[in-house]
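Peer 1: The structure under discussion is supplied below as structure tokens; questions concerning it will follow.
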């Protein structure tokens, strides 16, 4: 068992033009355009545990930068960038909207906490999607006009095994400036 733990603590680095992040050797970069189709149009990288192939029992962490939304205050007619609180409130509204994809999946919000990513203020939203049997965690941070979303999902049965690893990955996330 000691060998397995030693293997898990070996870190690899993913280096992009925007950030770098370390991940354990028990995880790998998921291939694009494969049976692991969790790359959105803005996704930079998706990590998954090595050997995981079943699309039904999926565990992954994807990192996607998005443009920060703009809000117009109808009273003052001023334009401002959406704050982290506004972004998360809209996400919660979407997750619980009966008209959305998630509407019939019985989403239960667990926590909406403040955190940091690379020393910057961030939000961590955790929720269960009972209809899919998953635990999801979205970590959202704003850096240089972009909203970075680090989205983790795993079957509820895998949370205790994978959440600590994902928290370490997120803790290692560093922006390049």
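Peer 1: Looking at (1) part of a helix (DSSP H, G or I); (2) touching a strand residue (DSSP E or B) at 6+ places or on another chain (Cβ under 8 Å); (3) over 26 Å from residue 32 (Cα atoms); (4) modelled with pLDDT of 90 or more, which one does residue 163 not meet, given that it meets all the others?
Peer 2: (3)
Peer 1: Can you pull out the residues in segment 166-177 that are free of Cβ contacts under 8 Å to residues at least 12 places away in the same chain and either within 11 Å of the chain's Cα centre (by Cα) or in a strand (DSSP E or B) (or both)?
Peer 2: If the condition is that a residue be free of Cβ contacts under 8 Å to residues at least 12 places away in the same chain and either within 11 Å of the chain's Cα centre (by Cα) or in a strand (DSSP E or B) (or both), then 167 is the only one that fits.
Peer 1: Could you check how many residues of segment 50-80 are farther than 19 Å from residue 148 by Cα and either assigned to a strand (DSSP E or B) or at pLDDT below 85 (or both)?
Peer 2: Qualifying residue count, segment 50-80: 16.
Peer 1: Does any residue in segment 111-135 that is free of Cβ contacts under 8 Å to residues at least 40 places away in the same chain and on the phi > 0 side of the Ramachandran plot come within less than 6 Å, Cβ to Cβ, of a residue that is part of a strand (DSSP E or B) and surrounded by 14 or more Cβ atoms within 10 Å (Cβ to Cβ) six or more places away or on a different chain, and which pairs are these?
Peer 2: As it stands, the answer is 133/155, since those pairs meet every condition given.
Peer 1: On the given criteria, is residue 154 buried (at least 18 other Cβ atoms within 10 Å of the Cβ) and not in a loop (DSSP other than H, G, I, E, B)?
Peer 2: Answer is yes for this residue.
Peer 1: Output the residues belonging to segment 81-128 that are part of a strand (DSSP E or B) and modelled with pLDDT under 90.
Peer 2: 81
The values are calculated or read from the model by the stated rules, or taken from the named source; none is laboratory data. Quick caveat, the model's predicted, so the values are computed rather than measured. For neighbour counting, all protein chains shown are included, and Cβ atoms are generated from backbone atoms with ideal geometry for every residue, glycine included.
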